[in-house]
Amino acid sequence: MSSWDNAPRIRILDPATINQIAAGEVVERPASVVKELVENAIDAGAGSVTIELASTKDAITAIRVTDDGCGMSPADADLAFVPHATSKISAIGDLNHIHTLGFRGEALATIAAVSRVTLVTKSAGSGPVPGTKMIVEGDKILETSGTGCPDGTNILVEDLFFNTPARKKFQKGRNTELAHIHDIVEGICLSHPEIAFHLVHNGTEQLVTDRTPRPLDTIARLFGSEVVHNLVWVEHSLPFIEIRGYISRPSLSRKDRARIVVSVNQRFISSAVINDAIKAGYGTLLPKDRFPVAFLSLNIDTTLVDVNVHPTKKQIRLSREKEITNAIRAAVRETLFSHDLIPSAESPRSSPVVLLEEMPPAAPTLYIHSDSRPPAVIAESTHTGTVSTDQRLRQTELAVGTEPASIVSSLLPEIEVIGEFGGIYILARTPAGELLIIDQHAAHERILYEQVSGQAAESRPSQELISPMVLHRSPKETAILKNLLPALADEGFVLEGFGGDSFLVRAVPVILGRLEESAIIDEIISDLVSEEAATAVTDRERITRIVSCRGAIKAGTVCSREQCQRIVDQLRRMNNPFTCPHGRPTMIRFTRHELDAMFRRI
């Protein structure tokens, strides 16, 4: 037997390798260094934190974080770079009650393992005694000495990843790394408005916030007053969670989640389930591909939050997750529907410059030009159109089997119809002298949607077709449709196989009224089978939205003034009269002031 066979294959790694592995988990990029150092400053009770960055055109070369916190004594400074040395917990039980941002004792040790660190610190209130200066490189202490310095801590990190070339090679360009740092610092600023932050890059001021008891001041400093004007305050409490902060009206949305900023127990975190709960609170107030702006602070019982699931501590795990997300969703929804959500048209003189890709969907357009059709004009309804529209309006006048709803507590003001434009828009006014432009299809779609979705499973009646309709589908659509047959039956559609890839439609929901043409059934089924398979809503919700859209009065259907008024009166009875089921606005408001500004009367 060779000596190789007797040699142990398991070996204990040396401390330098251990520290570099730990550093690889905690320190992913320069932004990780900024996060760890700033969080240490916050835990030290700082009232002011300054982050200074130096860079070449290719990379960030130095990071300095200075704070006016409690600082460290010489004895504490000697232990600061020892792995797993911390002042924030003392026993395993403390992990169930974490009230600080750092607690592992890894930050300085892991940063020093892959960089050159200079620490200058002095205990607050220690008087004229000198502070402590330490220089550490690759986890080796090169120098320890006394030095004159103010109270607090100053840490300079240089030559990041100098001894781990593989990790350094995979760092992104300077601007990408700066963007990650901005993201971290903005999140921390919003989580701690009581602290003043100052971010400087190559001597140029990048970000400044003041100490303030008002989070709205910090939001305004970071994102501008236009964002602030579109926010509403959220406050909701349960025994295990307190929710406070600001969310945007539906008129302010984004194509990504970048402006959903959440802190849990004052820790800036990233949580897909919390973000999804916030978006779910908007329901159909936002299109599925748009996201709100939200700045929320959640105080959750510490025994329900595990912040020890990832070395960077940016991700968390929640106990009672369903109860917590339900509370967030309810808080968002209740807040939104306690406010006037009719979007206002922006005055040309006061509206901000907005990139096209950031424009909210369905912005109001007053003039439509097309080579394929004449300009829209004001027209009177025809007898045929009036009869067809009357049939649809009678169907939605009352939900099946219900009494008239009171509109005393309507979320909309009284609305008087004054005209109709192009078979698409209803023109109306409010007692306050505002002009409303209402999308008649979106409004009627909302009415249908709430009637259908409000019906209990046992009270969704069907109407049998005089002549059953035969549907032919492709093999792929047939497979999808077969899976949806039970859900369709629950909603009042009676379909049965008719051989091969064909189906026989025997009945449809009563809410669709008397069908003048069978094409609408084919359209509904086509819409349903073409929907994305990975949709986030239930089958019933998908069917309800499609039935509402296909059953509503179409754009281009000219209505009489009386019919327009009936649409508006029905809309005022809805729980959410502000958007259609797809999140498009049902109406746009022009105040007298905005109209005067458009005509340059002011």
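Scanning the stretch 225-234 for residues that are free of Cβ contacts under 8 Å to residues at least 24 places away in the same chain and not polar (S, T, N, Q), which turns out surrounded by the most Cβ atoms within 10 Å (Cβ to Cβ)?
Top of the filtered list is Val228.
Matching residues to (1) of a type in the set (D, E, K, R); (2) modelled with pLDDT of 90 or more:
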position	(1), (2)
Leu53	no, yes
Ala59	no, no
Asp67	yes, yes
Ala85	no, no
Ile89	no, no
Leu95	no, no
Gly105	no, no
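Okay, residues lined up against (1) surrounded by 18 or more Cβ atoms within 10 Å (Cβ to Cβ); (2) within 27 Å of Glu39 (Cβ to Cβ); (3) of a type in the set (Gly, Ala, Ser):
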position: Pro213; (1), (2), (3): no, yes, no
position: Ala258; (1), (2), (3): no, yes, yes
position: Gln266; (1), (2), (3): no, yes, no
position: Ile269; (1), (2), (3): yes, yes, no
position: Ala294; (1), (2), (3): yes, yes, yes
position: Asp306; (1), (2), (3): no, yes, no
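Name the single residue that is surrounded by the most Cβ atoms within 10 Å (Cβ to Cβ) among those in the stretch 494-511 being of a type in the set (Val, Ile, Thr) and in contact with a helix residue (DSSP H, G or I) (Cβ under 7 Å, 6 or more places away or on another chain).
The initial filter retains those residues of the stretch 494-511 that are of a type in the set (Val, Ile, Thr), namely 494, 505, 508, 510-511.
Restricting the remaining residues to those that are in contact with a helix residue (DSSP H, G or I) (Cβ under 7 Å, 6 or more places away or on another chain) gives 505, 508, 511.
Details: Val505: 21, Val508: 26, Ile511: 22.
Among those that are of a type in the set (Val, Ile, Thr) and in contact with a helix residue (DSSP H, G or I) (Cβ under 7 Å, 6 or more places away or on another chain), it is Val508.
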(message) Condition (residue is surrounded by 15 or more Cβ atoms within 10 Å (Cβ to Cβ) and either modelled with pLDDT under 90 or farther than 30 Å from Val129 by Cα (or both)) applied to the stretch 141-158: is it met by at least one residue?
(response) no
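Residue by residue through the stretch 573-602, note down the ones that are on the phi > 0 side of the Ramachandran plot and touching a Gly at 6+ places or on another chain (Cβ under 9 Å).
So the first thing to find is which residues in the stretch 573-602 are on the phi > 0 side of the Ramachandran plot, and the list is 583, 600.
Across the stretch 573-602, the qualifying residue is only Gly583.
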(request) For residues that are among the aliphatic types (A, V, I, L, M) and in a helix (DSSP H, G or I), scanning just the stretch 516-544, find the one that is modelled with the highest pLDDT. (result) Ile543
(message) Here are the criteria: (1) under 20 Å from His182 (Cα atoms); (2) of a type outside the set (S, T, N, Q); (3) crowded, with 18+ Cβ neighbours inside 10 Å; (4) modelled with pLDDT of 90 or more. Tell me which single one Glu205 does not satisfy.
(response) (3)
(request) Filter the stretch 389-409 down to residues that are modelled with pLDDT of 65 or more and crowded, with 17+ Cβ neighbours inside 10 Å and give me whichever is nearest to Glu450 (Cα to Cα). (result) Thr396
(request) Could you name every one of the strands (runs of 3 or more DSSP E) located completely within the stretch 422-472 that has at least 1 residues being over 28 Å from Gly556 (Cα atoms)? (result) 462-472
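Listed here are the residues, each with its yes/no results for (1) within 20 Å of Glu39 (Cα to Cα); (2) out of contact with any helix residue (DSSP H, G or I) (no Cβ under 6 Å at 6 or more places or on another chain).
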| position | (1), (2) |
| --- | --- |
| Ala109 | yes, yes |
| Val114 | yes, no |
| Thr118 | yes, yes |
| Gly127 | no, yes |
| Thr132 | no, no |
| Val136 | no, no |
| Asp139 | no, no |
| Ser145 | no, yes |
(message) Among the residues in the stretch 11-24, are any part of a helix (DSSP H, G or I) and modelled with pLDDT of 60 or more?
(response) yes
(request) Check Val547 against each of (1) modelled with pLDDT of 85 or more; (2) surrounded by 15 or more Cβ atoms within 10 Å (Cβ to Cβ) and name the one condition it does not meet. (result) (1)
(message) Here are the criteria: (1) closer than 30 Å to Thr544 by Cα; (2) touching a Leu at 6+ places or on another chain (Cβ under 6 Å); (3) not in a loop (DSSP other than H, G, I, E, B). Tell me which single one Tyr246 does not satisfy.
(response) (1)
(request) Of all residues in the stretch 471-493, count the ones that are in contact with a Ser or Thr (Cβ under 6 Å, 6 or more places away or on another chain) and either aromatic (Phe, Trp, Tyr) or loosely packed, with under 15 Cβ neighbours inside 10 Å (or both). (result) 1
(request) Out of the residues in the stretch 264-308 that are polar (S, T, N, Q) and under 13 Å from the mean Cα position of the chain (by Cα), state the one that is nearest to Glu186 (Cα to Cα). (result) Ser270
(request) Go through (1) over 27 Å from Ala277 (Cβ atoms); (2) surrounded by fewer than 17 Cβ atoms within 10 Å (Cβ to Cβ); (3) modelled with pLDDT of 80 or more one by one and return the number of the condition Ile447 breaks. (result) (2)
(request) Those residues that are in a loop (DSSP other than H, G, I, E, B) and over 13 Å from Ile447 (Cβ atoms), I need them from the stretch 551-577; list them, please. (result) Lys554, Ala555, Gly556, Thr557, Val558, Cys559, Ser560
(request) Identify the residue in the stretch 249-293 that is part of a loop (DSSP other than H, G, I, E, B) and of a type in the set (A, V, I, L, M, F, W, C) and, among all such residues, is farthest from Arg542 (Cα to Cα). (result) Ala258
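The values are calculated or read from the model by the stated rules, or taken from the named source; none is laboratory data. None of these values were measured; they are calculated from a predicted model. Here Cβ is always computed from backbone atoms with ideal geometry, including for glycine, and neighbour counts include all displayed protein chains.
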